[in-house]
Structures are given as C-alpha cells and as structure tokens.
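The values are calculated or read from the model by the stated rules, or taken from the named source; none is laboratory data. Computed from a predicted model, the values in this text were never measured in an experiment. All Cβ positions, even for glycine, are placed from backbone atoms using ideal geometry, and neighbour counts span all protein chains on display. To get the accessible areas, we keep the full protein, side chains included, count just its heavy atoms, and leave off ligands, DNA and RNA. Shrake-Rupley method; radii C 1.70, N 1.55, O 1.52, S 1.80 Å.
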Amino acid sequence: MPIYAVAQNKKVLRQMQLLWGVTPLLGKIESASMHTVISVSRRAVVDAGLVQNGDLAVFTCGDKHTAPEPGISSHGTSAQTNVMYVVQIRPES
C-alpha cells in the first residue's frame, strides 16, 4: 500500500524522501482546519494522478481540538495525529 505524505515545508518534503515507501507531495496545509487539510491532501494525490475515482484512501491528520492535550505536539506547533478518515475518492462537486 503506497503512502503519500502532504506537507508545505520543502525541508520536510526532502526529509520524507528518505522514508521507505513514502511519496512526499507539496500542499498548503499549515494552520488550516482539519477539513481543509484533508481536502488539500485529497486534491494533491488526485492531481498527481496517484489515486483515481473509486479508489479507497486513508487520510490522517492532527486535530488540536480533539487531541488529549489541545495544541500540544512534539514540535509545539500543532496536534499529533489523532484523526483518520477512510474515504472513496469521488469527483469534486
């Protein structure tokens, strides 16, 4: 199962290239709502031709509002991963 990681920081993208099985993609997601992060990530993998309509995809992200300690992370800037969406890719309306 391929893993696609969306980030907006180019340094983070370069670091992710070293992770086995991870394909890093650029997307503007910092300081965005959880819904926006998922939407931008979905658009990035669709636009890159990595998933197609009908495919199942799993998206994860950190929601600072539902994290055990809101707003706290190992990096001090956002929530740790605590949300997972399993979706079927469909055309955007």
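Among the conditions (1) in a helix (DSSP H, G or I); (2) closer than 26 Å to residue 90 by Cα; (3) modelled with pLDDT of 85 or more, residue 51 misses just one, which is (1). Restricting the first member to region 80-93 and to residues that are of a type in the set (S, T, N, Q), and the second to residues that are modelled with pLDDT of 85 or more and assigned to a loop (DSSP other than H, G, I, E, B), the beta-carbon pairs closer than 8 Å and six or more apart or on different chains are 88/54; 88/55. Scanning region 1-42 for residues that are open to solvent by less than 90 Å² (accessible area, probe 1.4 Å) and part of a helix (DSSP H, G or I) returns 12, 13, 16, 34, 36, 37, 38, 39, 40, 41, 42.
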